[in-house]
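Worksheet for the structure shown next.
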Amino acid sequence: IMKEFLKKNKTAIIFIGIFLVVAGILAFAIYKTANKKVPEMIIENNILTNYQGASTEIAVDSSVEVIGVRAFEKKTKITKISFGENSQLQSIAYEAFNGCSGLVDIVLPNGLSTIGGAAFKDCAALENIIIPEGVTDIEAYAFSGCRNLKSVSLPSTLEKLGESVFFGCSSLTTITCKSSNYKFEEGVLYNADKTELIKYLSTNTNKLYEVPEGVKKISSYAFQGATELQYVTIGNNVEEIGYAILDGCDNVEELSVPFVGLTVSQNRKLAYFFGKVSQNLKTVSVTGATTIGANTFKTWTKLERVNLSEGLAYIENEAFRGCTKLAYVNIPSTVKNVGVNAFAGCNKSILIEVFNTEVYTQRWEPSWNADNLYVEYVTK
């Protein structure tokens, strides 16, 4: 009977046998895959491209030469990162440790040469960082948002600091600078010859600050977050001013600047200095400009007084439009033209003092004072 059964069902039996063998192989493969240990660090050609573990303390393999772009991004549980004595690390790439908000302890190895842009951005728990000898380049925003960072040590080998490296470092009180390319004096970081003001620490308690005479350039966000400042004077020696130098300086009431904008020939709105309309700014003195551009002071509703200096030639269209609290502005004798609706929508009780401009007033735009605000002509 058995022989007869096997004879009749030979094909089915062979098929079942093959199926069982294949199923066994697949089951074994699945078991092996499921139990295969996944590496925490993905390293390719000595580049650490990704960290996919869950450890709180990381020891980077000494063979790693580059920590790649966003390799550790937003690994918030990491508290410590260490490198071996024989570490071959040369570069930390863009946003490599961005958002590692729990990182407290990291000792960078000798041999490192470059720290990429925003490499340690928003590492909120980091309090101290020593940049080792050998590092030549720290790129833009490298430590931005490290709000608890208190001290930084810069090495003698440092050649280049990118833009706004310490943006948002609101607790930073000390920069130890060994590099001959930079100077740190009285809470302010400069380049070597002090012609560029790079960073005025927001922890400074000065209420009044006058930019030193030798400074020719002020970097973007230079005074960012300096909430104690109330009066800032920038002299005519300054030739270039970066964007939003007074970002977050919400208590500045009085500002003296050589021009409004990047340079004397590139006009901007007053908000260029703050990144927005400041709620407390009351007095502005412009000491060296040739032009007040269109819309420069438009809708600065808290502004009370504007002082303009001799040498100014043009006030363009709607320059002061909507300055509802502006009580005083002077127009120097050198002004050749005032544009359309320059004072439209301003405070009705404003005093506009016009100095010695009888020759030019006839050439001004007919509607420069469309609201018939009070004008006092002054002859000296």
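The values are calculated or read from the model by the stated rules, or taken from the named source; none is laboratory data. This one's a predicted model, so the numbers in the text were calculated from it and none came from an experiment. For neighbour counting, all protein chains shown are included, and Cβ atoms are generated from backbone atoms with ideal geometry for every residue, glycine included. The area values use the complete protein model at the heavy-atom level, side chains included, leaving out ligands, DNA and RNA. Shrake-Rupley method; radii C 1.70, N 1.55, O 1.52, S 1.80 Å.
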query = Based on the alpha-carbon gyration tensor of segment 222-353 and its eigenvalue square roots a ≥ b ≥ c, which shape applies: rounded if a/c is under 1.5, prolate if not and a/b is larger than b/c, or oblate?
reply = oblate
remark   = Site THR157, offset 7 angstrom along Cα→Cβ, radius 11 Å on amide nitrogen, limited to segment 66-95, gives 89-91
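Classify the chain from the C-alpha gyration tensor, please: rounded if a/c falls under 1.5, else prolate or oblate depending on whether a/b exceeds b/c.
Prolate, because a/c is 1.5 or more and a/b exceeds b/c.
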note = Given pairs LYS75/LYS178; LYS77/LYS178; LYS75/LYS121; LYS150/LYS199; LYS207/LYS269 and cut-off 23 Å on Cα-Cα distance, the over-length ones are LYS75/LYS178; LYS77/LYS178; LYS207/LYS269
inquiry  = If you count only protein heavy atoms with a 1.4 Å probe, what accessible area per residue comes out for the chain, rounded to a whole Å²?
reply    = 49 Å²
message = Out of the total accessible area of segment 243-284 (probe 1.4 Å, heavy atoms of protein only), what percent is carbon and sulfur?
response = 45 percent
key: Counted charge near GLU210, where neighbours are those whose Cβ lies closer than 13 Å (Asp, Glu -1; Lys, Arg +1)   = -2
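Please give me the summed charge of the neighbours of ASP371: other residues whose Cβ is under 14 Å from its Cβ, Lys and Arg +1, Asp and Glu -1.
Net charge in that neighbourhood comes out at 0.
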query = Taking K and R as +1 and D and E as -1, what net charge do the other residues with C-beta under 12 Å from the C-beta of GLY111 add up to?
reply = -3
remark   = In whole angstrom, the spacing between the Cα centers of segment 69-99 and segment 326-378 equals 59 Å
message = I'd like the chymotrypsin sites (Phe, Trp or Tyr not before Pro) in segment 241-318 restricted to DSSP loop residues with at most 10 other Cβ atoms within 10 Å, sorted by number.
response = none
query = Does segment 287-349 come out rounded, prolate or oblate, given a ≥ b ≥ c as the square roots of the eigenvalues of its C-alpha gyration tensor, rounded meaning a/c under 1.5 and, failing that, prolate meaning a/b above b/c?
reply = prolate
query = Hey, in the GNM for the chain with a 10 angstrom Cα cutoff, which one of THR203, THR334, THR227 fluctuates hardest?
reply = THR334
